[in-house]
1. Would you kindly work out the equivalent ellipsoid of the stretch 1-101 from its C-alpha gyration tensor and give its semi-axes, the square roots of five times the eigenvalues, largest first in whole Å?
2. Given the Cα-Cα distance of Glu64 and Gln218 and 0.36 nm per residue of separation, how much length would full extension add, in nm?
3. Report the equivalent ellipsoid semi-axes for the stretch 130-173 in whole Å, largest first, defined as the square roots of five times the eigenvalues of the gyration tensor built from alpha carbon atoms.
4. May I ask you to give the solvent-accessible area per residue for the chain, in square angstrom, as obtained with a 1.4 angstrom probe?
5. Which distance in nm do the two modelled labels at Lys185 and Gln209 give, with both placed 7 Å along the Cα-to-Cβ direction?
6. Using a Förster distance of 30 angstrom, determine the FRET efficiency expected from the C-beta separation of Leu82 and Glu110, and round it to 0.05.
7. Have a look at the DSSP beta bridges in the chain and tell me what percent are antiparallel, nearest 5.
8. Given the stretch 157-238, what percent of its DSSP beta bridges are antiparallel, to the nearest 5?
Amino acid sequence: MKDTIALLVALQALDSEAVQVAARKQSLPEKIRLLEETRQRRQAAVDEDGEKLKGVIQRHRDQEEQLKRGVEGLKKAKQRLLDVKTNKEYQAILKEMEVIETLQGKVEDEIISLLEQADHMKAAVKQGEKDLSVFLAVFADEKQALEEQVQALDDTLIRLKEKRQAVLDALPGDLVRRYETIREKRNGLAVISVWKEVCNGCHMNIPPQMYIELQRSQELRTCPNCHRIIYWRNETSAGES
């Protein structure tokens, strides 16, 4: 009977450890997902700044083209002045030139403003890319570490499953079914120790005579209160039972 009890204790220990391992593993995919979301968000921010910079550069180019067209327009207007025959035509061309020059001034101001924006944005994009590069290195290490943890926990669960099967094979089938029934009803805890007449599962006292018989390990006992399978464990020395 001592061997049977020892097997049940070992089975409970394996199942309890498996529950703990599975619980630790459960949080890891979420951590990986949140880490990946952070990477995507930071990458998107850098990409967005880059696109904004491209837009400013393109507007600068457009304004430069408009400035060139204005210069050409003034040049043509000046040439047309040489051919005018009436004062009215002369005044009209002068007005046209005034409008072009006014517009040219606004375009030049816009070009200067765009150049300043581009300079600031280039610096910001460069710094953002640098920060992202540093983050990505850390991200890669953290993600790899989390994935390695998942793999390690998976490996542990496989080993626990193999050990569990070996214990199950050594126990009678009816006892295994009894163990599984109790474990399902008692939140995963079917086998529990007793010390000083107190069940460590429900923390209730068991009868003194049962406690005495329990220490002899001659037959399988269950707690009269929580109905778990119980065994005596000497808690005066760590690991002694």
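The values are calculated or read from the model by the stated rules, or taken from the named source; none is laboratory data. Please read these numbers as outputs of a predicted model, since none were measured by experiment. We place every Cβ from the backbone using ideal geometry, glycine too, and count neighbours over all the protein chains shown. Note: accessible area is taken over every heavy atom of the protein model, side chains too, but ligands, DNA and RNA are not part of it. Shrake-Rupley method; radii C 1.70, N 1.55, O 1.52, S 1.80 Å.
1. Details: eigenvalues 1525, 13, 5 Å².
Over the Cα atoms of the stretch 1-101, the semi-axes work out to 87, 8, 5 Å.
2. Working: separation 154, 0.36 × 154 = 55.44 nm, distance 9.86 nm.
Going from the current span to full extension adds 45.6 nm.
3. Numbers: eigenvalues 357, 4, 3 Å².
Its equivalent ellipsoid spans semi-axes of 42, 5, 4 Å.
4. Details: 15930 Å² over 241 residues.
Ligands and nucleic acids excluded, the figure is 66 Å² per residue.
5. Output for this residue pair reads 2.4 nm.
6. Numbers: r = 32 Å, r/R0 = 1.06.
Efficiency, rounded to the nearest 0.05: 0.40.
7. Numbers: 5 of 9 bridges.
DSSP beta bridges in the chain are roughly 55 percent antiparallel.
8. Values: 5 of 9 bridges.
Restricted to the stretch 157-238, the bridges split so that about 55 percent are antiparallel.
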